[in-house]
Structure formats: structure tokens, C-alpha cells
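Student: The structure under discussion is supplied below as C-alpha cells; questions concerning it will follow.
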Amino acid sequence: MLQTEVLIIGAGAAGLMCAATAAARGRKVLVLDHANKAGKKILMSGGGRCNFTNLYCEPANFLSGNPHFCKSALARFTQWDFIGLVAKHGVPYHEKKLGQLFCDHKSSDILELLLAECAESGAEIRLNTAVQSIDKAAQGFLLHTDLGDVACQSLVIASGGLSIPTLGASGFGYQVARQFGHTLLPTRAGLVPFTVTEPQLKALCTELSGTSVEDCRVSCNGQSFVENILFTHRGLSGPAILQISSYWQPGDTLHIDLLPHIDLPEWLATQQRERGNSELKTLLAELFTRKMATLLVDSWFVNKPLKQYTPAELTAIAERLSGWQLVPAGTEGYRTAEVTLGGIDTHEVSSKTLESLKVPGLYFIGEVLDVTGHLGGFNFQWAWASGYAAAQFV
């Protein structure tokens with residue numbers, strides 16, 4: 001039988017951070033993962049460049065049924081702490097937008113950083129290793145695995161959520177939580193594109209597939225995000241859409257201001273005075289792509305020279321462009337979702353130690369908990385912070 005002091009299930013961002021930190025404290029640490037490679041979500045994140053944290057990370061950037069839960073871990077290991085780790089390993093990076101930090105080269109720089117930290121501290125990682133069952137023992141836990149039986153004092157569940165199953169995501173962490181009496185809050189896909197089925201809207205999105213519009217304001221249920229949107233052949237995506245998806249529920253209406261940086265009534269009135277012979281399509285092509293301007297006008301308005309529009313018609317044009325309302329048919333689901341909303345109820349987990357309040361020695365970190373960040377490096381910062389915090393106590 002293998003014996004270790006700390007057994008971590010999941011070799012992702014949270015698990016690797018916890019392993020390196022706990023081993024650096026002198027604990028004997030073993031990490032198990034059923035995948036053939038560690039950190040698969042790290043490697044695909046940020047378009048292959050890993051948006052590893054955000055300069056402006058704070059608790060308000062996270063969703064949870066227990067909104068105060070994340071504060072302790074985020075305070076214990078801040079974005080500046082991870083930036084310091086990046087600097088220690090000489091990984092070049094840059095701020096892309098809104099405080100989002102990306103690797104200059106590739107995501108593997110972050111994974112290699114974590115693996116180097118694990119190697120330096122003596123944490124052992126075993127891949128291609130599934131866990132069949134977990135039992136509570138007198139002095140910890142006994143696990144039946146592909147390696148044989150493994151005994152440990154502290155067990156850390158860092159197996160992630162349900163998002164992107166092609167990378168190995170599963171409900172394993174939720175199964176463990178249920179086994180030991182924890183409450184699970186309903187899970188659903190978060191940071192995910194929307195799909196549309198209404199014929200006219202579907203046709204518009206299909207025609208504009210691949211077209212991006214910068215700095216739109218997308219709102220739903222009292223939340224707003226100003227970022228790019230992207231038309232796809234199935235619906236809408238892009239940073240603003242992914243952000244608002246975490247606040248959307250089926251049947252809710254999205255409100256999209258395509259031009260929040262422009263006072264449209266004033267702009268249209270000025271164009272009418274100064275360029276009255278220009279057609280609406282021509283003028284809107286200066287704000288959007290020519291193709292998008294043509295499609296929007298053909299779908300929503302009657303095209304004619306601006307001087308022929310009445311004040312009421314110009315007002316209606318401004319209101320439609322700044323107040324586009326649509327009801328998505330649904331989302332792309334876990335297949336493309338970047339995170340999983342919901343999960344293990346954090347009221348049953350210590351916010352200081354990440355230890356179960358029901359089962360001593362059992363810890364939950366990362367995405368498996370009911371803590372989800374906004375887009376832009378916040379979820380990685382939660383992984384680093386929760387992994388680091390738990391490592392102080394395992």
C-alpha cells in the first residue's frame with residue numbers, strides 16, 4: 001500500500017499550486033490525475049497564452065451563493081503573489097486589456113512553472129491514474145486506485161467542474177462531496193456562448209459569422225459588461241457575451257448597446273445636417289463593417305438618404321442600435337463553457353482552510369466549489385488562491 005500525508009486528486013491549476021505549496025512546507029504530497037497530461041485547461045486557456053491572473057482581482061469579480069467565502073483565500077494569495085512567481089521563473093507576460101495578464105509566448109510557460117515548483121518542493125505527480133473509490137479511515141482516507149490502495153492523512157479534491165469534457169472534465173469531485181454528505185448547488189455552464197434559433201436572428205448571425213464588434217455593452221439581470229461581441233454561425237460569443245452568460249437564465253432577455261461610446265441621437269442629427277445625401281448604410285459602415293451595416297439596415301430599417309428621415313425615425317434608429325433586445329435559445333453548454341457555475345455549497349467548507357466542515361481532513365479547492373470568477377484571469381486567480389490557502393493546513 002502506498003502511503004502519503006497529502007493526496008491531491010486533480011493535476012490542474014488548483015491542484016498543482018496546492019501540491020507545490022504543501023510540499024514546500026515539508027509535507028509528503030502525491031497528486032493523482034486520470035488524464036495523460038497535467039494542466040490541460042491551462043494549456044488551452046487564453047487562446048494558448050493563458051490569462052493567468054488579473055491586475056484588478058477582487059472578491060466582487062466572483063459569483064457564489066456565499067459571496068464572502070472567497071475573500072480569505074484571495075487575501076492570503078493575491079494576484080501580486082502569482083505575478084511574483086511568474087517573475088521568479090522569468091516568464092514574459094503582458095497586459096492585454098482591462099488588467100488581463102497573458103503570457104508573451106505560450107500557456108505551457110505557466111504549466112512548466114507549476115511543474116517546476118512541484119519538482120523543487122518534492123511533490124510527486126502520477127498521471128493516467130483513476131480513483132475507483134474512497135473510504136474514510138481512522139487516521140485519514142483509503143483510496144482504491146489504478147496504482148493500488150493509497151492511504152493519506154489529508155485528501156484534497158481539485159478535480160474541477162464539468163466544463164470542456166473533451167479535456168477530461170467529469171463530475172468526480174461532486175460525487176466525492178455527495179458521498180461525504182455535502183450539499184451541491186445546481187450546476188450549469190458559465191462563460192459560454194449563446195445559441196439562437198429565431199429565423200431572422202439566426203440568419204443575421206450566420207451571415208455575420210466571424211464578425212466582431214468592439215466595446216459593446218451587454219446587460220442582463222442588473223449586470224452589464226462592456227467588451228467585444230462576436231457573431232457565430234450558431235449565435236453570439238465574445239468576451240461581453242461570455243461574461244453576461246453567467247448571469248443569464250433561460251428565457252431572459254439580453255440588452256445590447258452596439259455603440260455605447262457614441263451619443264447616437266446627436267451623431268445622427270449631425271450627420272443629417274452635414275451629410276444629408278448620404279444613405280444610412282453608408283454612414284453606419286463607418287461605425288461597423290460594411291457587411292454588418294448593410295445587414296443591420298436591411299433587417300431593421302428602411303435605407304434612404306439621411307435627409308429623408310423624420311426626427312422620430314432617427315430616434316427609432318438610435319434606440320434600436322443602442323437597445324437591441326434578444327432572447328437566446330440557450331447556450332453552447334459544457335462543451336465550450338470555460339467554467340461551471342454552482343457546485344459544492346461553500347457554507348459547508350471553511351473559508352480560511354478550505355477544509356470540509358463535515359469531514360475532518362477533506363479539502364475542496366478550485367472550480368469544484370460554488371465560486372466562479374468573471375472572464376479575464378479571475379478563475380485562475382481563484383485556483384492559485386484556494387490551492388495555496390488549503391496547502392497551509394493540509
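Student: On the given criteria, is Leu184 under 30 Å from Thr129 (Cα atoms), open to solvent by 20 Å² or more (accessible area, probe 1.4 Å) and in contact with a helix residue (DSSP H, G or I) (Cβ under 6 Å, 6 or more places away or on another chain)?
Tutor: yes
Student: Something else: When you look at Ser154, is it of a type in the set (S, T, N, Q) and touching a helix residue (DSSP H, G or I) at 6+ places or on another chain (Cβ under 7 Å), yes or no?
Tutor: no
Student: Looking at (1) assigned to a helix (DSSP H, G or I); (2) touching a residue at least 24 places away in the same chain (Cβ under 8 Å); (3) open to solvent by 70 Å² or more (accessible area, probe 1.4 Å), which is the only condition Leu296 fails?
Tutor: The failed condition is (3).
Student: Being under 30 Å from Thr145 (Cα atoms) and hydroxyl-bearing (Ser, Thr, Tyr), is that true of even one residue in the stretch 195-214?
Tutor: no
Student: Which pairs do you get when a residue that is within 12 Å of Gly361 (Cα to Cα) and touching a residue at least 60 places away in the same chain (Cβ under 8 Å), found in the stretch 139-153, comes within reach of a residue that is open to solvent by less than 60 Å² (accessible area, probe 1.4 Å) and assigned to a loop (DSSP other than H, G, I, E, B), reach meaning Cβ atoms under 6 angstrom, with the pair 6+ apart or on two chains?
Tutor: Within 6 Å, the pairs are Gly140/Gly361.
Student: Go through the stretch 187-214 and give me each residue that's open to solvent by 40 Å² or more (accessible area, probe 1.4 Å), at pLDDT 95 or above, in contact with a helix residue (DSSP H, G or I) (Cβ under 9 Å, 6 or more places away or on another chain) and farther than 22 Å from Tyr334 by Cα.
Tutor: Result: Ala203, Glu207.
Student: Name the residue that is nearest to the chain's Cα centre (by Cα), counting only residues in the stretch 225-268 that are closer than 30 Å to Tyr309 by Cα and of a type in the set (D, E, K, R).
Tutor: Asp257
Student: Another question about this same structure. How about the stretch 35-57: which of its residues are crowded, with 20+ Cβ neighbours inside 10 Å and among the aromatic types (Phe, Trp, Tyr)?
Tutor: Residue satisfying the conditions is Phe52 alone.
Per-residue answers, yes or no, for (1) crowded, with 19+ Cβ neighbours inside 10 Å; (2) in a loop (DSSP other than H, G, I, E, B); (3) free of Cβ contacts under 8 Å to residues at least 60 places away in the same chain:
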| residue | (1), (2), (3) |
| --- | --- |
| Ala312 | no, no, yes |
| Thr315 | no, no, yes |
| Arg320 | no, no, yes |
| Pro328 | yes, yes, no |
| Tyr334 | yes, no, no |
| Ala337 | yes, yes, no |
| Gly342 | yes, no, no |
| His347 | no, no, no |
| Lys358 | no, yes, no |
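Student: Another question, then. Enumerate the pairs (first residue in the stretch 364-385 and closer than 18 Å to His347 by Cβ and touching a residue at least 60 places away in the same chain (Cβ under 8 Å); second residue anywhere and assigned to a helix (DSSP H, G or I) and small (Gly, Ala, Ser)) with beta-carbon separation below 6 Å, excluding pairs fewer than 6 apart on the same chain, so at least 6 apart or on different chains.
Tutor: Partner pairs satisfying both residue conditions: Ile365/Ala14; Ile365/Ser386; Ile365/Gly387; Ile365/Ala390; Gly366/Ala14; Gly366/Ala383; Gly366/Ser386; Val368/Gly173.
Student: All but one of (1) farther than 23 Å from Leu2 by Cβ; (2) basic (Lys, Arg); (3) surrounded by 15 or more Cβ atoms within 10 Å (Cβ to Cβ) hold for Arg126; which doesn't?
Tutor: Status for Arg126: all satisfied but (1).
Student: Has the stretch 62-82 got at least one residue that is among the basic types (Lys, Arg), more than 15 Å from the chain's Cα centre (by Cα), open to solvent by 10 Å² or more (accessible area, probe 1.4 Å) and under 20 Å from Leu341 (Cβ atoms)?
Tutor: yes
Student: In the stretch 18-76, what count of residues is obtained for those that are of a type in the set (A, V, I, L, M), out of contact with any strand residue (DSSP E or B) (no Cβ under 8 Å at 6 or more places or on another chain) and farther than 22 Å from Gly99 by Cα?
Tutor: Of the residues in the stretch 18-76, 3 are of a type in the set (A, V, I, L, M), out of contact with any strand residue (DSSP E or B) (no Cβ under 8 Å at 6 or more places or on another chain) and farther than 22 Å from Gly99 by Cα.
Student: Scanning for something of a type in the set (Gly, Ala, Ser) and surrounded by fewer than 24 Cβ atoms within 10 Å (Cβ to Cβ), does the stretch 370-379 turn up at least one residue?
Tutor: Within the stretch 370-379, none of the residues are of a type in the set (Gly, Ala, Ser) and surrounded by fewer than 24 Cβ atoms within 10 Å (Cβ to Cβ).
Student: Now a separate question. Please note which strands (runs of 3 or more DSSP E) are completely contained in the stretch 21-123 and include at least 2 residues that are of a type in the set (S, T, N, Q).
Tutor: 51-54
Student: While we're looking at this one, here's another question. Can you name the number of the only condition in (1) farther than 22 Å from Ile241 by Cβ; (2) touching a residue at least 40 places away in the same chain (Cβ under 8 Å) that Arg290 fails?
Tutor: Of everything listed in (1) farther than 22 Å from Ile241 by Cβ; (2) touching a residue at least 40 places away in the same chain (Cβ under 8 Å), Arg290 misses just condition (2).
Student: I'd like the residue in the stretch 129-138 that is touching a residue at least 12 places away in the same chain (Cβ under 8 Å) and touching a Leu at 6+ places or on another chain (Cβ under 9 Å) and, out of all such residues, is most open to solvent (accessible area, probe 1.4 Å).
Tutor: Gln132
The values are calculated or read from the model by the stated rules, or taken from the named source; none is laboratory data. Since this is a predicted model, take the numbers as computed values, not measurements. Every residue, glycine among them, receives a Cβ derived from its backbone with ideal geometry; neighbour counts consider all protein chains shown. All accessible areas refer to the heavy atoms of the entire protein, side chains included, with ligands and DNA or RNA removed. Shrake-Rupley method; radii C 1.70, N 1.55, O 1.52, S 1.80 Å.
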